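Since every read-out is calculated from the coordinates, none of them should be taken as a lab result. From a predicted model like this one, the values you see are computed outputs, not experimental measurements. Quick reminder, even Gly has a Cβ in these numbers, built from the backbone with ideal geometry, and neighbours come from all protein chains shown.
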Amino acid sequence: MTSHVKLRKEKTGTVDYDIQIKEVRCQLVDQLKVLDLKLEQKTQQLQDLTDYLRRRGEIENEYARSLEKLAERFSSKTKSQTSVLRKDTTTNSVSQVWVALLTHTRQESKDHSEISESCSNVLIQPLTNCLDYTQRLARKVSLQPQQCTKKPWVLDKSTSLY
């Protein structure tokens, strides 16, 4: 009779163990679904931010070129007018305003060109790296349950997250 009792305990122990393993696997699958959803949302946000910065850089570059063209167009006009009317002192003050305005426009063009460079290159690169790193981590995490279903008590050393 004692052998029958031992056999019964062993069966209930393995049944409980199997039930616990199934519950843990179900929890893991549920958590992975939540992780996948969050990952998808964050990935989309990073891609949207990257697209925004790229487009903003293009717009800033177009604006910088337009300002430079505007300054060049009026610069040639004011140079010819200034050389003809140098003798009049009131014209010199207007000419000085033109020179200051055109200098300011050129500086603003350079500033917007630098903003364009920052948006197009400097800011996008870290976002792209972050996006790549996040996707690599997600792939590695998604492989973990597949490996755990084979032998749940043995973890593969090759699946480090770094």
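A few comments on the model shown:
- Label positions at ASP18 and ASN92, each projected 7 Å from the Cα along the C-beta direction, are separated by 10.3 nm.
- Partner aspartates and glutamates whose Cα lies under 17 Å from the Cα of LYS77, excluding those fewer than 8 positions away in the same chain, are identified as GLU68.
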